[in-house]
Each structure stands twice: as C-alpha cells, then as structure tokens.
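Take a look at the structure set out below.
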Amino acid sequence: MQTILMAEKTIVVALFLAALIVVPTATADNIETKGICSKNPATKVGLWGGNEGIVKDISEAPKRLESITIISNYSIDSMEFSYIDQTGQKRSAGRWGGPGGTAHKLDLGPTEIVKEVSGTYNMFEGEICLTSFKLVTNARTWGPWAEEKGTRFSITAPTGTSIVGFFARGGTKYLAAIGVYFNKL
C-alpha cells in the first residue's frame, strides 16, 4: 500500500484495521511517496525527513511506549526509546542518529499514551534532517525541541490507537527521518 503526499494541505490516507487514518502534513511542492506497511498487530507509517544514513528499526512488534529520549541542539541529533513488546518484554531501541546534543527524557506514566508526533525537517549542515520534534500524550505536550524550520510533518494516532514505537533513518550527525508504529489500545 502507498501513501501519496501532495503540496501544502496534504493528507495522508491509509487503511488501518478497517478504519481510515487521516494524517495532515505540510508543504512539499512535488508529489512524494511514503510507504505504509503492516507489521501485525502494530501498523508502521512513515518515514518523514531526509534520505541520509541507515534505516533503523525494532525487531519485536511494540505494544506500549515506556520512555522516549530526544537528543537535540539546533536540530534533532538522535533519539532512543524503551517499549513493551507484544509478549510483555521490555525492549530498548537507539541511540539512532549522531553523537551530539542534550538529552530530554520523557518517562510515560502507566496510563499515558502518545497521541501525536510532529516536527520539521530541513537542510542543516549539509544534510536533510529533523530540525524540530514534539510529542503530545493524553496527559501533556512535550517539546518542541530544536528549531522549527523547514517542512512540517504531523502524525496523529487514529481514535482507539496510540503511537507505540518508532523507526528512523539515522545519519552520522543527526536523525534524518522518523516513522511511527500504531497499535490498538
């Protein structure tokens, strides 16, 4: 299945367990194609950002996020997170991206879920990378970190789901792109 992104008032539409996902994103003067594939029981959506670096992904299907650490300065240098997989095991992923930056860690409460991830990506020091990042949970807003410059993206969990994990493209200096996993509540 493919998702088509078009200029300005872009809408990403995907089939998610018989429900329609509508994810707004912003500007792109040309049409881009973003992949969507299903990793049962979690659904994988993205990547948003640049093409630098190596794709980073998790090996076990996620069920719930426990913590997220964003490392940033003027851009998003890297990220790491911990999650509970479908079998109940605690897993860790990252550090994906470069070595610099200041760490900002969010420990999610026992009933707290991530409902939205947003940010920007742009050219920074010769690489297209994430230039800002923000998380919205059912309890609080976290961020934005770094500088909100460039192309905006926003990924909102459909009703009855939450964002439970990430995959990314990590450059040598920065986090180039990010995607998410959705799972039913």
Would you pick out the residues in segment 78-100 that are crowded, with 21+ Cβ neighbours inside 10 Å and either β-branched (Val, Ile, Thr) or over 15 Å from the mean Cα position of the chain (by Cα) (or both)? Gly98
Scanning segment 40-62 residue by residue, the ones that are under 27 Å from Glu148 (Cβ atoms) and part of a loop (DSSP other than H, G, I, E, B) total 5
Among Ser132, Ser75, Ser118, which is in contact (Cβ under 8 Å) with a residue 12 or more places away in the chain, in contact with a Cys (Cβ under 6 Å, 6 or more places away or on another chain) and either among the hydroxyl-bearing types (Ser, Thr, Tyr) or surrounded by 20 or more Cβ atoms within 10 Å (Cβ to Cβ) (or both)? Ser75
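Here, each number is a calculation from the coordinates, and none is a lab measurement. Since the structure is predicted, the reported quantities are computational estimates derived from the model, not experimental observations. Cβ: placed from backbone, ideal geometry, glycine included. Neighbour counts: every protein chain shown.
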